[in-house]
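Data first, discussion second: the structure below is written as structure tokens.
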Amino acid sequence: MNIKIKSASGRLPQYETEGSAGLDLRASIDETIRLKPMERKLIPTGIFIELPQGFEAQVRARSGLSIRHGISMANGVGTIDSDYRGEIKVLLINMGDKEFEIRDGDRIAQLVIAKYERIEWEETKNLSETRRGSGGFGHTGI
């Protein structure tokens, strides 16, 4: 699949290994950004994409930054819709106890392209029965 992309920095997101599902997104900034503990900031990537209808781009945290430094995404997973043409930015939060520096070109998140289905609601008064039923959080135990 080919996806149109513009890059302000000339760097394109890329897969780091043969089996990677996510492409690494890099910071595209003029000055180092310092992220204090519990602080969140929107980090520009300099990337603009044109997704085909029926696809989304999911922006996800990098596990290495999370485990080593407590850096995560404040919104969990970001969704980029097929009709969005603005710059991709990443909302990072420092959940760690030390200030974290982000420099130009640092890998800050990953981008996963996913197909989705649009639905139409079929309103009903009854849903089919399942073994699980309405069992929610923790219903199967530890």
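Observations, loosely collected:
- Meets criteria (part of a loop (DSSP other than H, G, I, E, B), under 24 Å from residue 1 (Cβ atoms), among the hydrophobic types (A, V, I, L, M, F, W, C) and touching a residue at least 24 places away in the same chain (Cβ under 8 Å)) for residue 109: no
The rows are residues; the columns are (1) within 20 Å of the chain's Cα centre (by Cα); (2) of a type in the set (A, V, I, L, M).
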position	(1), (2)
74	yes, yes
77	yes, yes
86	yes, no
90	yes, yes
96	yes, no
114	yes, yes
139	no, no
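- Residue in the range 82-100 that is assigned to a strand (DSSP E or B), of a type outside the set (A, V, I, L, M, F, W, C) and closer than 18 Å to residue 32 by Cα present: yes
- Take the conditions (1) touching a residue at least 24 places away in the same chain (Cβ under 8 Å); (2) surrounded by fewer than 18 Cβ atoms within 10 Å (Cβ to Cβ); (3) in a loop (DSSP other than H, G, I, E, B); residue 114 misses just one of them, which is (3).
- Members of the range 26-57 that are surrounded by fewer than 19 Cβ atoms within 10 Å (Cβ to Cβ) and touching a Phe, Trp or Tyr at 6+ places or on another chain (Cβ under 6 Å): 56
- Residue satisfying all of: in the range 1-19; of a type in the set (Ser, Thr, Tyr) and touching a residue at least 24 places away in the same chain (Cβ under 8 Å); nearest to residue 103 (Cα to Cα) among these: 9
- Residue within the range 33-42 that is over 14 Å from residue 102 (Cβ atoms) and either in a strand (DSSP E or B) or out of contact with any Pro (no Cβ under 9 Å at 6 or more places or on another chain) (or both) present: yes
- Subset of the range 61-81 that is in a strand (DSSP E or B) and in contact with an Asp or Glu (Cβ under 7 Å, 6 or more places away or on another chain) - its residue that is surrounded by the fewest Cβ atoms within 10 Å (Cβ to Cβ): 79
- Of 28, 63, all but one fail to be among the polar types (S, T, N, Q) and modelled with pLDDT under 95; the exception is 63.
- Test for residue 14: is it within 16 Å of the chain's Cα centre (by Cα) and either surrounded by fewer than 15 Cβ atoms within 10 Å (Cβ to Cβ) or at pLDDT below 95 (or both): yes
- Only listed residue being assigned to a strand (DSSP E or B), charged (D, E, K, R) and touching a residue at least 60 places away in the same chain (Cβ under 8 Å), chosen from 24, 30, 104: 24
The values are calculated or read from the model by the stated rules, or taken from the named source; none is laboratory data. From a predicted model like this one, the values you see are computed outputs, not experimental measurements. Please note: Cβ atoms are built from the backbone with ideal geometry, for glycine as well, and neighbour counts cover all protein chains shown.
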